[in-house]
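Colleague: Have a look at this one.
The values are calculated or read from the model by the stated rules, or taken from the named source; none is laboratory data. The shown structure was predicted, so the numbers you read here are calculated from the model rather than taken from an experiment. Cβ placement follows ideal geometry from the backbone for every residue including glycine, while neighbour counts extend to all protein chains displayed. Each accessible area value is taken on the protein alone, full model and side chains, heavy atoms only, with ligands, DNA and RNA left out. Shrake-Rupley method; radii C 1.70, N 1.55, O 1.52, S 1.80 Å.
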Amino acid sequence: MVDSLLTARGLNKQFRSANQPVAVLSNLALHLERGESLALTGRSGSGKTTLLNILCGLEKPDAGRLQVLGEVFDSRAPEAGSQAEARWASLRRQRIGVVFQDANLMPALSLLDNVRLRARLAGQSEADCQDWLERLDIGELAERYPDQVSGGQRQRAALAMVFAMKPALILADEPTGSLDRHTAEDVTRQLFDLQARHGCGLILATHDTELATRCSHRLDLGHQPGT
Ligand SMILES: Nc1ncnc2c1ncn2[C@@H]1O[C@H](COP(=O)(O)OP(=O)(O)OP(=O)(O)O)[C@@H](O)[C@H]1O
C-alpha cells in the first residue's frame, strides 16, 4: 500500500495588494503520510489559509507540484484548467474532508441532511449521520437549519460532515476557533480519535499551541521567506 498522502514541492503564491506583489508562499515543500498530522502555525497573514486552499484545489499556486492521494497537479503541466478542476472536485467530494472557517453548510438543508448529503456524495453510509451529530453534542439540533444555530454549533456540524464522509485526508482551518475551551477539547479529542481509527492524514491551521503540539509535525509559516 502506498502510504504517501500528500507531497508538495516548490509551491509559490503571491497576491497583489495596492498593485504591489505580496509573496505569501515561497518555494514551500511538505510531505504527509497516512496517519500523520501536521499543524500549520504562524502569525496572522502568514499564509495558512492560502496553503490549505491550495492543498484542496480551491486556490491555484503560481508555481509548484502537488501530489495528493495519487493525483498529480503540476503548474507546468499542459492540462486544461477544467480537467484539473474536475479532478480536484472529485477529490473534495470523496476523499478530502475540508473544515473551513465559514462552515460550508447548505442553508436550505437541516444539519442532519447536510451530514447525510456529505456522506452520500462520498459514497458512505448515511446510517451513522445522527450518531456523528450526537457525538459532537448537537444531536438535538439535527432538524434545525444552519441559520438557526450558533457559529460554534455550525462548526461542529461541519466536523460531523467530514467525519461522516470518512476521508483519507482532513484539512481544517482553525477547527476549534469558535468553540469554548471545553467543547474545543472535546472536538479535538474526536478529531484525533477519528484520525487514529481511520489512519487518515490531518493538516490543520491553528493559533492554538496546545492543538499544534498534538500533531505529529509542525510547519511554521511565519518563517517562510517573504512573509
Ligand atoms: N485574494 C487575496 N488577494 C490579496 N491578498 C490576499 C488574498 N487572500 C489572502 N491575501 C493575503 O495573503 C496573506 C495570507 O493570508 P492567509 O489568509 O492565508 O493568512 P493566514 O495565515 O491564514 O491568516 P489568519 O491566521 O489571520 O487566518 C495575507 O496578507 C492576506 O491579506
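Colleague: Residues Leu179, Leu202, Leu171: which one is outside any helix (DSSP H, G or I), open to solvent by 20 Å² or more (accessible area, probe 1.4 Å) and not acidic (Asp, Glu)?
Modeller: After applying the criteria, what remains is Leu179.
Colleague: Confirm whether Ala18 is out of contact with any helix residue (DSSP H, G or I) (no Cβ under 8 Å at 6 or more places or on another chain), under 17 Å from Leu55 (Cβ atoms) and without any contact (Cβ under 8 Å) to a residue 24 or more places away in the chain.
Modeller: When the stated conditions are applied, Ala18 does not pass them.
Colleague: Test of understanding: among Asp131, Asp137, which residue is touching a residue at least 40 places away in the same chain (Cβ under 8 Å), surrounded by fewer than 16 Cβ atoms within 10 Å (Cβ to Cβ) and closer than 26 Å to Thr188 by Cβ?
Modeller: Asp137
Colleague: Please determine whether any residue of segment 172-181 is in contact with a Leu (Cβ under 7 Å, 6 or more places away or on another chain) and of a type in the set (D, E, K, R).
Modeller: The answer is yes; a qualifying residue exists.
Colleague: Next question, about the same structure. Where residues in segment 7-43 are under 18 Å from the mean Cα position of the chain (by Cα) and hydroxyl-bearing (Ser, Thr, Tyr), which of them is nearest to Leu221 (Cα to Cα)?
Modeller: Top of the filtered list is Thr41.
This table checks each residue for (1) at pLDDT 95 or above; (2) farther than 22 Å from Gly177 by Cα.
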residue	(1), (2)
Arg34	no, yes
Gln67	yes, yes
Phe100	no, no
Leu111	yes, no
Arg135	no, no
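Colleague: Please tell me if Gly35 is away from the ligand (no atom under 16 Å from the Cβ), at positive phi, touching a residue at least 24 places away in the same chain (Cβ under 8 Å) and not aliphatic (A, V, I, L, M).
Modeller: yes
Colleague: Now, a different point. Just checking, which of Ala39, Ala86 is open to solvent by 40 Å² or more (accessible area, probe 1.4 Å) and under 24 Å from Lys166 (Cβ atoms)?
Modeller: Answer to the check: Ala86.
Colleague: Separate question: Yes or no: Gly45 modelled with pLDDT under 95 and on the phi > 0 side of the Ramachandran plot?
Modeller: yes
Yes/no matrix, rows are residues, columns are (1) within 16 Å of the ligand (Cβ to nearest atom); (2) open to solvent by 40 Å² or more (accessible area, probe 1.4 Å); (3) of a type in the set (Ser, Thr, Tyr):
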{"site": "Gly10", "(1), (2), (3)": "no, no, no"}
{"site": "Ala18", "(1), (2), (3)": "yes, yes, no"}
{"site": "Val22", "(1), (2), (3)": "yes, yes, no"}
{"site": "Thr49", "(1), (2), (3)": "yes, yes, yes"}
{"site": "Gly64", "(1), (2), (3)": "yes, no, no"}
{"site": "Arg76", "(1), (2), (3)": "no, yes, no"}
